[in-house]
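Throughout, read-outs are computed from the coordinates displayed, never taken from laboratory work. These figures come from a predicted structure and were not determined experimentally. A quick note on method: Cβ atoms are made from the backbone with ideal geometry, for glycine too, and the neighbour counts reach across all protein chains shown.
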Amino acid sequence: MAMTGTDNTRTAISWSGGKDSCLALRRALAAGLDVRTFVTMCEDDGSSIAHAVPAEVMEAQVARFGARWLSVRVPVGGYAAAFTATLAELRSSGHATMVFGDIDLKAHRDWIEPLCIEAGIEPLFPLWGESRRAIAEAVLAAGIRALLVGVDTTRLDAGFCGTRYDASLLARLPTGVCPIGEDGEFHTFVDDAPGMASPVKVAVGATRLVPSRPPASPKLIASSPLRLVDGILI
């Protein structure tokens, strides 16, 4: 586990709302870091990029962790600029470290690290270098409950969308599909986990097929829209 930082250091986390972010959060907190700012890169409508979780659902999830949600709207083609500006904002507000849930995709880490360092923020990778199977097992062992909310239909049947991420799902994944979806096969949303004041009660809508967003190659993504039950934040 690649983790330094110091106890009580004001820390942000790159937050997708999914299982890997949640496991990284658990480890950062266990290491004594003060993680109170959850940063999510979002579409123009406020939904999370890649996972496509509505803003009100993300806000409710983060509220249950007792944290502040920093939603960053990203225009098409403007991801790098938005991320760089966010790092500067975090540093100016006293954040010294930022946690990421990256596991083994070196190109992405190589992109993140110099931007963080230039902004004066230490990037931390508590999951880095562990086997993907070990991460999957750690998620389940930690009591992190998640739903599949997005599926790449070129890699996995759309019928997996909306299902619970559990041992049964792992057993049913086709050969060649990563058990944590690290190659983009699927994305998750955590609706319950240790550290949350209560579960996020969501209704899962009918699965729909939507085109991928650049710079991803053209494909259809199966998406299961979520909505808060009764619109309750907490």
Which value, in debye to the nearest 20, gives the size of the charge dipole of the chain about its Cα centre, when Lys and Arg are +1 and Asp and Glu are -1 at the Cβ?
340 debye
Read phi for every residue in the range 197-202 and hand back ³J(HN,Hα) as whole Hz from Karplus 6.51 cos²θ - 1.76 cosθ + 1.60, θ = phi - 60°, with x for Gly and Pro.
5, 6, x, 8, 8, 10
Net charge of Cβ neighbours under 14 Å - reference residue 112; Lys, Arg +1; Asp, Glu -1
-4
Among the helices of the chain (complete DSSP H runs), which have Cα atoms covering no less than 15 Å along the helix axis and a Kyte-Doolittle mean of at least -0.5?
19-30, 79-92, 106-119
Using the Karplus curve 6.51 cos²θ - 1.76 cosθ + 1.60 with θ = phi - 60°, what ³J(HN,Hα) values do you get for each residue of the range 161-178, in whole Hz, with x for Gly and Pro?
5, x, 8, 6, 7, 8, 4, 5, 5, 4, 5, 8, 5, x, 4, x, 8, 5
Going by average Cβ neighbours within 10 Å, how do the peptides 81-93, 168-180 rank, with the highest at the top?
81-93, 168-180
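In the neighborhood of residue 47, defined by Cβ-to-Cβ distances under 15 Å, what is the net charge if each Lys or Arg adds +1 and each Asp or Glu adds -1?
Overall, the nearby charge balance is -1.
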With a/c under 1.5 counting as rounded, go ahead and sort the range 55-145 into rounded, prolate or oblate using the C-alpha gyration tensor (a ≥ b ≥ c being the square roots of the eigenvalues; past the cut-off, prolate if a/b is larger than b/c, else oblate).
oblate
Taking θ as phi - 60°, what are the ³J(HN,Hα) couplings along the range 35-51 by the Karplus curve (6.51, -1.76, 1.60), each to the nearest whole Hz, with x for Gly and Pro?
9, 10, 10, 9, 9, 10, 7, 10, 6, 4, 8, x, 6, 6, 5, 6, 7
So for 23, 140, fewest C-beta neighbours within 10 Å to most, what's the order?
140, 23
Once amide hydrogens are built 1.01 Å from N within the peptide plane, the residues lying 5 or more places from residue 165 or on another chain with amide H under 5 Å from its amide H are 146, 147, 148
(1) 16.7, 47; (2) 19.0, 61; (3) 19.2, 56, with the label sought being that of the calculated Rg and Dmax of the Cα atoms in Å
(1)
Helix-derived [θ] at 222 nm for the chain: sum -39500 (n - 2.57) over DSSP H runs of at least 4, divide by residue count, nearest 500?
-8500 deg cm²/dmol
Antiparallel bridges, percent of DSSP beta bridges restricted to the chain (to nearest 5):
55 percent
For the range 143-229: relative contact order, % (alpha-carbon pairs under 8 angstrom, 6 or more apart):
36 percent
